[in-house]
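Novice: Once you've had a glance at the structure underneath, I'll fire off some questions.
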Amino acid sequence: MITILDMAQGKQALDHLIAHELAHQWFYGILASNERDNAWIDEGLASFYDDKYEKRYYEQSEEDKMINEALGGVNKRSYQLPLKAVLHLQRTGFHKSIADSSRDADVLNYLASNYVAAPEGYQYLEAYLGEDKFKEQMQRLFRQKAFRHLSAHELESHFENASRQSLDWFFRDFLHSERVYDISIKKIKGQDLKLRRNGNFSYPSRISLFNSLDNEIMSLWIESNAQNKQSVELPLENFDHVVIDEGISLLDIRPGNNRIDRRKRFPALRSLNLLESEDTPAIGFTLGFMYNHYDRFMLGPALYNRVFPQAGFRYQILPAYAFGSRDIMGLMQLEKDLFIARTSSALRKISLGLNAQRFSYFEYFEEDLPLKYYKINPVLTFHFARDMFHYSSLDYQWHHIGQDRLQFDDVDFQAFVTGQQFNVHQLNFRWHSQSGLSQTNGHIQMQYEKYGQPFEENNEYLRTTLELRNRRYYNPGSQFFFRFFAGYFPINSRRNSSSYASLFTRGSLALAGQGFNDQVYEDFYFARNGTSQSRSTQIHERHGGFKTAFGAAQTIGMSNDLMMACNLKTDLPWSSGVFRLRSYLDMAATRSRQLNSDPLEMQFLYSSGISLEIGELAGIYLPVLQSSGLNQAYESRNLFSRLSFKLDMKAMRLKELSDHPGRIVEFF
């Protein structure tokens, strides 16, 4: 057997790796198995025993040591990162059964199942049977099957015959099912303990009683009653708290509900609440700040729950005091996942969300009269997945928007503020596909709104859009980007208007995504009024995807009818590292009119230039060559004033990265 050891970083990691490879001399060397079909046997058992070796000779695992050193080395806490990674796959709905063939498993599930989940299962089985009995059965297995191939059925029969009991809960349910398992303590009264099981599994459980010093008093095993609810009569009266499966795990998806205290525990505030803790509920807390041109700097407490593994209910709340508008602004995001069994359906899960935000979007006469908006955004999403790298979602969103509106008194022309409300309905279908050197994303959207305007009756529109994005490597570290966009209004009462993205006409298709035409407040901008000041030259790659930031004064290329666009971008050969020098070409065909007296007609526009970008997060864009209509808009501008920039915090895709673990492969 040839073993490559150059992946290990550090003495302990190298020692651990050597122990693992030595274990393979027994599992699949002496005790052979089909490592392609049953990797949970050879890799699982080798990992089970190398874990025993590490616990015997090291106080901490390599992962725990790294985290504790980063936190100042003041404790030796066990964070169980590999186990949390498996729970993360379960909670996002991308996990597969442990016993899946290597041919059917993606790289993350192969690692999680065979190097973490299977060893955890063997440890649980050892605790259930007893360490001495488990060791005796393994030794007997070697004497009987040494230098022969061992099938999964033979391994199961050996343990069941030796223990004289059915172990279907381990060899059938635990190893072969994709369903998730959850046992929880509902309440305790005296010595009566009430349990609840979800997942239709008949797993045994270990109940441990602890005193107030967190010392274990006693433990006992209970068998499942094959029902959702179960009562257990505890043998002792004097104890402080009860824990299910302390120190062992059968991949309980929510280990945080495995403990109950006789004394009420209140959540603690933690400055870095990144990892889930089973012993103490906690609320993450840090100091948050934001900025825009109207509210200026905003400062406030950022509250959130743990980040890893992903929680079933997630929240991020950031109320902040705005020093410019002297008011309370902020953000809120709530999301609850409902899990669906994936045994017979591509439906991964259903999620319910509620987002809210409040900021200023305009100011009149400098700081004297800031205009504010708020948005409440409920979301219902159906998530689908073929595998880790091919998934999609269908969501309905309602955007309820209330915003200040500036009006003037008829007598003395004094400005005053009134309110107006808008209700926008969206249906979105998104998909993602990743294979080899290529990645494709798609988005189909239908957006409907019925709205009033200052001097006319109600208007309405139904806007349909299609967006396709593809990127592929043509060299190591160098990529080519392609984007296609098409938008059309099947219904638009303002189709023939020459007013775009204004009080009179909403929902217009824009050549470049800027603050003034983001009327649903889906992106964040430093400034939204569309003037020529540098803060208003911020763009987002939306609709036409152009990098030209002319502001609200120029409506060239905007449409209330039809738009098609193609955006090309490539890394230049000598560009490398975080900052990428890229060339781009944007092309669009739009049907619109400049004046109400003009007919609706098609126009073709293009713009090309050079950009300096940091991934999809930020960029600076310099147009070099463009069509005549765009050239005229640039005539009075110098080189510096033609620059536009992008800062898109959503492009970090932290939420998407958490919910789609396969995206982590993009970083390697």
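The values are calculated or read from the model by the stated rules, or taken from the named source; none is laboratory data. Because the structure is predicted, anything quoted here is derived from the model rather than measured. No Cβ is skipped: glycine too gets one built from the backbone with ideal geometry, and neighbour counts run over all protein chains shown. SASA here: full protein model, heavy atoms, side chains in, ligands and nucleic acids out. Shrake-Rupley method; radii C 1.70, N 1.55, O 1.52, S 1.80 Å.
Novice: Taking the range 55-80 as the search range and keeping residues that are acidic (D, E) and surrounded by fewer than 17 Cβ atoms within 10 Å (Cβ to Cβ), which one is modelled with the lowest pLDDT?
Specialist: E69
Novice: Which of the residues spanning the range 454-499 are of a type in the set (A, V, I, L, M, F, W, C) and under 30 Å from R582 (Cβ atoms)?
Specialist: L466, L468, F480, F481, F482, F484, F485, A486, listed by residue number.
Per-residue answers, yes or no, for (1) open to solvent by less than 10 Å² (accessible area, probe 1.4 Å); (2) closer than 19 Å to S502 by Cβ; (3) assigned to a strand (DSSP E or B); (4) of a type in the set (F, W, Y):
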site: W574; (1), (2), (3), (4): no, no, no, yes
site: A588; (1), (2), (3), (4): yes, no, yes, no
site: Y606; (1), (2), (3), (4): no, no, yes, yes
site: V624; (1), (2), (3), (4): no, no, yes, no
site: G629; (1), (2), (3), (4): no, no, no, no
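Novice: What are the pairs with Cβ atoms under 7 angstrom where one residue, in the range 75-94, is on the phi > 0 side of the Ramachandran plot and the other, located anywhere, is at pLDDT below 85 and aromatic (F, W, Y)? Sequence gap at least six, or different chains.
Specialist: Short answer, once both residue conditions are applied: G93/F339.
Novice: To continue, here is another question. May I ask you to list pairs of residues, at least six apart or on different chains, whose Cβ atoms are under 9 Å apart, with the first in the range 423-439 being more than 26 Å from Y474 (Cα to Cα) and the second being of a type in the set (V, I, T) and open to solvent by less than 70 Å² (accessible area, probe 1.4 Å)?
Specialist: Final answer for the pair search is N423/I401; V424/I401; V424/V520; Q426/V520; N428/T381.
For every residue, the table says whether it meets (1) modelled with pLDDT of 95 or more; (2) within 29 Å of D404 (Cβ to Cβ); (3) surrounded by 23 or more Cβ atoms within 10 Å (Cβ to Cβ).
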residue	(1), (2), (3)
Q533	no, yes, no
T555	no, yes, no
G577	no, no, no
S583	yes, no, no
L595	no, no, no
Q603	no, no, no
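Novice: When the range 145-169 is examined, which residues are found to be of a type in the set (F, W, Y) and closer than 24 Å to N200 by Cα?
Specialist: Within the range 145-169, F159, W169 meet the criteria.
Novice: Quick check on F289: is it in a loop (DSSP other than H, G, I, E, B) and under 30 Å from the mean Cα position of the chain (by Cα)?
Specialist: In short, no.
Novice: How many residues does the range 290-325 hold that are open to solvent by 10 Å² or more (accessible area, probe 1.4 Å), touching a residue at least 60 places away in the same chain (Cβ under 8 Å) and touching a Leu at 6+ places or on another chain (Cβ under 7 Å)?
Specialist: 2
Novice: Can you pull out every residue in the range 28-49 that is modelled with pLDDT of 90 or more and part of a strand (DSSP E or B)?
Specialist: Correct list: empty.
Novice: List the number of the failed condition for E237; all other conditions in (1) surrounded by 15 or more Cβ atoms within 10 Å (Cβ to Cβ); (2) over 30 Å from E154 (Cα atoms) hold.
Specialist: For E237, the exception is condition (1).
Novice: Within the range 379-416, work out how many residues are part of a loop (DSSP other than H, G, I, E, B) and either on the phi < 0 side of the Ramachandran plot or modelled with pLDDT of 95 or more (or both).
Specialist: Count: 7.
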